[in-house]
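Right, one structure below, let's go through it.
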Amino acid sequence: MTPPASGSTPPSRISKFTLSLPKIELHAHLNGSIRRSTLSHLAALRNVDPSTTRILSHIPSTLSEAFDVFRIIHSCVVTLADVERIAYEIGEDMEEDGVVYAEIRSTPRDMGEGDLEGYVKAVLRGFDRYRLEKGKVILRLLLSIDRAKHTASDSYEIVSLAAKFRSQGVIGIDLSGDPTKGDFGTYLPALTHARSLGLKITLHAGEVLNPTEFSSMLDFHPDRFGHCCFVDPPNLARLTESSIPIELCLTSNLLSNSIPTGKLTDHHFGIHHNAKSEGSTICCISTDDSGVFGSPLSNEYRLVMDSFGLGEREVFELARRTLDATFLESQSGKNADEATGKDSEDRK
Ligand code: 6MZ
């Protein structure tokens, strides 16, 4: 998928190196990764108001604009067949981009069947069909809790679904949604329950400055964090100390106005990246919403190389270290940390 050229969009030069680099994608939202051509097709099919679809022809320039786009995407993606199609096409697109393993996350929605289970099954059907027909990319699913929409009881339902479909490819829980809405505390009981069931957890954190919430999230000690753009100094020190891997999405942060200077060279990747020192934070370079922000993973790695002056060997090491942050099991029935005993020792 070639990112569209646009005023503020970082230019996408094809980098043979980052394209052929075997890459792991750990932060990609299903609907945010929809192909633009599929979105246009579905919008036409569903007669979505052209005045709203006009917003789809440009790349968002604030976080709130990105959430407007998600609303429109959801108004186009209305059947389980649509969901299955997007899941299948994500496999194809990632394969073309040189991704070898991906944890895709999505927020289960009731598509008119009265429950959320059909949605999860549709995503897994899409993954399965991709695996049977092509299958170069290994796909796993995380179920998202939406902090702007879900109640505490909804979050329990999502955790139960994740547990139910665990043997079929669901390996964790994500907390996402509009960061200006909702409260982490609402979901803490369900997330704690998810952990007790052996599910791994990643939290969107610090997309807006909220020291109290960030501190509570650190107390919870998730298996990964997403973003961490705005972190006050005391929490930043705790974050670094924690060694919790961080999913970093350069283009998404740039285009949603989450880098205060508006320059990629000032992205907080620079703070967290220290591949040379043992035990330093694992930076998981990710796309977030490649369909919305128009940048595939090979382009994100290229931007890291260009913005931070990394050589090919350092970028290979960066991509390799991401493996240690996946939610893959290392022994039958066990996640990597459980198998090494690291989980219980490290958790604060
Ligand atoms: C927070 C985000 C997000 O779940 O319908 N989402 N949440 N921050 C972001 N940064 C830009 N990007 C996407 O995919 C779309 C949903 O993912 C979340 C939002 O809840 C959005 O509605 P799914 O597959």
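A Förster radius of 30 Å combined with the Cβ-Cβ distance from Lys136 to Thr261 puts the calculated FRET efficiency at roughly 0.20. The Rg/Rh ratio for the chain, using Cα coordinates for both the radius of gyration and the Kirkwood hydrodynamic radius, is 0.93. Multiplying the residue separation of Ser167 and Ser75 by 0.36 nm and removing their Cα-Cα distance gives an extension gain of 30.0 nm. Rounded to the nearest 20 debye, the dipole magnitude of segment 114-227 is 660 debye, with +1 charges on Lys and Arg beta carbons, -1 on Asp and Glu beta carbons, and the Cα centre as origin.
Highest-first packing order for the peptide set 106-112, 165-171, 282-288 is 282-288, 106-112, 165-171, based on the mean count of other beta carbon atoms within 10 Å.
For the pair segment 224-277 and segment 123-144, the centres of their Cα atoms are 29 angstrom apart. Taken along the Cα-to-beta-carbon direction at a fixed 7 Å, the label points for Thr151 and Glu96 span 4.3 nm.
Kirkwood hydrodynamic radius of segment 183-257, from the reciprocal of the average inverse Cα-Cα distance over all distinct pairs: 12.9 Å. In plain terms, the bigger the Kirkwood radius, the slower the diffusion; for segment 163-300, with that radius from Cα pairs, at 25 °C and 0.890 mPa s, Stokes-Einstein puts D at 155 µm²/s.
Distant-in-sequence amide contacts of Ile145, defined by a placed amide H-H separation under 5 Å and a gap of 5 or more residues or a different chain, comprise Asp174, Leu175, Ser176.
Seen from all directions on average, segment 19-124 presents a Cα convex hull projection of 7.2 nm². What is the percent of Cα-Cα separations in segment 134-207 that go past 15 Å? It works out to 51 percent of all Cα pairs. Relative to the Cα centre, the charge distribution of the chain, modelled as +1 at Lys and Arg Cβ and -1 at Asp and Glu Cβ, gives a dipole magnitude of about 500 debye. Distant-in-sequence amide contacts of Gly226, defined by a placed amide H-H separation under 5 Å and a gap of 5 or more residues or a different chain, comprise Leu203, His204, Ala205, Glu247. Taking the DSSP beta bridges with both ends in the chain, the antiparallel portion is around 5 percent.
Would you calculate, for the chain, the mean residue ellipticity at 222 nm contributed by helices, counting each DSSP H stretch of 4 or more residues as -39,500 (n - 2.57) and dividing by all residues, to the nearest 500? Per the formula, -13000 deg cm²/dmol.
Quick note: the coordinates plus some simple rules give every number you see, no bench work behind them. For clarity, every value in this text was computed on a predicted model and none was experimentally measured. Glycine also receives a Cβ, built like all others from the backbone with ideal geometry; neighbour counts cover every protein chain displayed.
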